[in-house]
Amino acid sequence: MVRPGTQSAGSDQLSRGTNQTGVRLYNERLVLSLIRRQGSLPKADIARRTGLSPQTISTIVNALELDGILLRLDPLRGKVGQPLVPYALNPRGAFFLGLKIGRRSSDIVLMDFVGTVLARLHQPHPYPTPRIMLDLTRRGIDELAASLSATERKRIAGFGIASPFELWNWESQLGAPPDVLAAWRQADMRGEIAAISPWPVYFHNDGTAACAAELVLGTGEHGDDFLYVFLGSFIGGGVVLNSHLFPGRTGYGGAVGPLPVPAASGGYQQLLRSASIYVLADKLSAAGQDPSVLWHDPSDWGELGAPLDDWIAAAAQSLALAAVSAVSIIDFRTIVIDGAFPPSVRQALVQATRTATSGFDLQGLAPFTIAEGTIGYGAREIGGACLPLLANFTQDREVLFKENG
């Protein structure tokens, strides 16, 4: 089994002197994380917010500007004293590749330093296989990297993989034949991709990766502590505590799918059996509709009628129970819901979940918010691209990429 949060062998050879996109020192990552949250800051504000001396900040910022990681903006005039010069992230300062392994489709993206997706490859499939993933990876390395200049290609900091853990255990939901499930059990996808990638390779659960995208690239309006829920073919998620990802002891932190919720037939079932998109696909098939629209264009499902309405109602009831349960354990300020569906579906699902939540007895709980995610259907592959960003340029490196004994 692939160990979550690990990276490919040889990546520690990166150094400031030989590769400008190598792992930054702690104080450098502190400064970069602060500027990413604020948009731009002058040196004086960075020193005040970090508690580091002005001389230390000046040395760090000047070095990051020299490396092409930061851009010096126009001075802020109109105030007493010398004009303040703000610094911002350079979008072309670093680049990242991210792969999402999905049940019905997979994607690979090229992302710049501020989170803009520059290019994407989309691969629908009846079910994923290790061979399909390796072929897509080769295409991504060849085609997406080729869209950059030779100088910019040297600034690719890594390749991130966002994948469900233990795909071989999801026989009924994956719909793959036994030989494919056996291939996944034997596959070391991170190791096989590392063998063909010119850059360090990072691997994490797809829900945690999508949560990383929301944390790093979202609007920042969810507060310091939130539970992130992403509805793909399988539902998953992630946890943010004190503005940092919390992957948990084994990388399953926030994996909301196994939460028990009432089943329509009585008793209980896992949340993933009511609030996953594969359930909607089954409803469409039962109604004589083609479910392939769900995977070919997540941005536009068209008019799906009663099956979609029924699915939203059932999913919202289960999500409301999951939200109340989560807030009862950890005092989350926000429950964030996103997924591989059009924004209109996300809006309807969030509103239905809010309504369902209001039907619970919330006495003893601090007020919390059910909110829409901001990244959308591409959050998992974008989150994959965020893994090397987190590893090299943010304070989350120690949490996500520590070696487990």
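The values are calculated or read from the model by the stated rules, or taken from the named source; none is laboratory data. Source: prediction; values computed, not measured. Note: ideal-geometry Cβ built from the backbone for every residue, glycine included; neighbour counts use all protein chains shown. Each accessible area value is taken on the protein alone, full model and side chains, heavy atoms only, with ligands, DNA and RNA left out. Shrake-Rupley method; radii C 1.70, N 1.55, O 1.52, S 1.80 Å.
Just a few scattered comments:
- Sequence of Val261, Val114 from largest to smallest accessible area, 1.4 Å probe: Val114, Val261
- Across the options Leu365, Phe341, Tyr377, the greatest Cα extent toward the positive end of the charge dipole of segment 273-403 (unit charges at beta carbon of Lys, Arg, Asp, Glu) belongs to Leu365.
- Per residue, the average separation of C-alpha pairs within less than 8 Å and at least 6 apart gives the chain a relative contact order of 20 percent.
- Ellipticity estimate at 222 nm from DSSP helix runs (n ≥ 4, -39,500 (n - 2.57)) divided over the chain, nearest 500: -11000 deg cm²/dmol
- A straight chain from Leu71 to Tyr26 at 0.36 nm per residue would run longer than the Cα-Cα distance by 14.2 nm.
- Theoretical gain in end-to-end length, Asp309 to Thr56 [0.36 nm per residue, Cα-Cα removed]: 85.4 nm
- Centre-to-centre, using Cα atoms only, segment 86-125 and segment 209-281 are separated by 21 Å.
- A dipole drawn for the chain from +1 and -1 charges on Cβ atoms has a positive end, and of His244, Ile69, Ile57 the residue lying farthest that way is Ile57.
- Which of Thr137, Leu99, Thr116, positive extreme of dipole for segment 87-234 (C-beta unit charges): Thr137
- Given +1 at the Cβ of Lys and Arg, -1 at the Cβ of Asp and Glu and no other charges, the dipole of segment 273-390 around its Cα centre is 320 debye to the nearest 20.
- Net lengthening on full extension, Val117/Arg153 (0.36 nm per residue, minus Cα-Cα): 11.4 nm
- Percent of Cα pairs exceeding the 19 Å cut-off, where the set is segment 117-252: 59
- Residue-normalised accessible area of the chain, expressed per residue, 1.4 Å probe, Å²: 43
- The residues neighbouring Asp225, those whose beta-carbon lies less than 11 Å from its own, together hold a net charge of -1 under the Lys/Arg +1, Asp/Glu -1 convention.
- The candidate values are [x] 47; [y] 24; [z] 30; the one derived from this structure for percent of Cα pairs over 37 Å apart carries the label [y].
- Model label points for Asp135 and Leu362, set 7 angstrom from Cα along the Cα-to-Cβ axis, are 5.0 nm apart.
- With every protein chain in place, the chain: carbon and sulfur % of accessible area (1.4 Å): 51
- Each peptide in 296-307, 155-166 gets a packing score, the mean of other Cβ atoms within 10 Å over its residues, and the list from highest to lowest is 155-166, 296-307.
- Gyration tensor (alpha-carbon) shape descriptor, segment 178-274, a/c threshold 1.5: oblate
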